[in-house]
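Report on one structure; see the data block that follows.
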Amino acid sequence: MRFSTICYSFRQGIKNICRNTLFSLASVATISACIFLFCLFFAVAANIRNMTRLAESTIGITVFFDEELGEEEILALGEEISARPEVREIHFISADEAWETFKAEYFAGMEELADGFADDNPLASSASYEIFLEDISMQDGMVSYLNGLEGVRKVNYSNDVVAGFASVNRLVGLLSVSIIGILLAVSVFLISNTIHVAAAFRKTENQIMRLIGATNFMIRAPFVVEGTVLGLVGALIPLGATYVLYRRAVEYIGAHFLGAAGGMGGVLQVLPIERLFPVMTAVALALGVGIGFFVSFFTIRRHLKV
């Protein structure tokens, strides 16, 4: 393939875009809307997943045991629990450790008030295990298992947090598939129409080129270039907009919300744009260029009889 042929294809493809300005703008706008929504839902889903992972490492299940259960029996139960496949990490907290932690949190600056309990640990029956799971979605099953163990007095867990993450994750997924699917269909329709109009506009010229010996590639390539450029521009515009908007959103959320999150501040962390943008860019460009290339390629094969 000669370099002059490639240059000709690009020039004609750009000319086609300029000739069909209205259809071209509509195609770019629809692809941009589709990819912008993809970027938006991708960012939301990635942040929810990141918060879920943080919750898996910071939100655990606490198991308390019957008062008459000895430490050896509690340790034996701990070995049984740690053998479960869904358990990532398990910590034993003795009654003395629980009391020391309680004193540090609730008697800070007033340590003399805790001296009255020096020989009488009020948390003597509060030995417990803190359990962290591989996947927080397994929490309900794990809680049921723990409640069924003989000697377990109480199981504390954060069901609302887990249910909230799971519900939002499902909602984001359904909205993503539905809205992006509709916009993809509209994008395909508009690019197909744009290429069809361009082919009809150049019908006579293409017939002459065929008669003088032009190859199928030389005739079809400008239309494929046209569709690919439309897809590329339609991807670059929302990527630039997403980059700017996401950076500002991260700064705003960090300044107005995360500082007041209290104990949840460790879980409610927004991913920086540097972690999201490489993957988002690769997928968005592949999506935009792919739509433009394949729709134009198959449309011109169907409508241009050469």
| query | Can you put 188, 63, 177 in order of accessible area, largest first, using a 1.4 Å probe? | reply | 177, 188, 63
| remark: Largest-first ranking of 140, 66 by accessible area, probe 1.4 Å, whole protein assembly kept, is 140, 66
| field | Solvent-accessible surface ranking, highest first, for 145, 243 at 1.4 angstrom | value | 243, 145
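The values are calculated or read from the model by the stated rules, or taken from the named source; none is laboratory data. Fair warning: this is a prediction, and the values are worked out from it, not measured in the lab. Quick note on the areas: whole protein, heavy atoms, side chains included, nothing else; ligands and nucleic acids left out. Shrake-Rupley method; radii C 1.70, N 1.55, O 1.52, S 1.80 Å.
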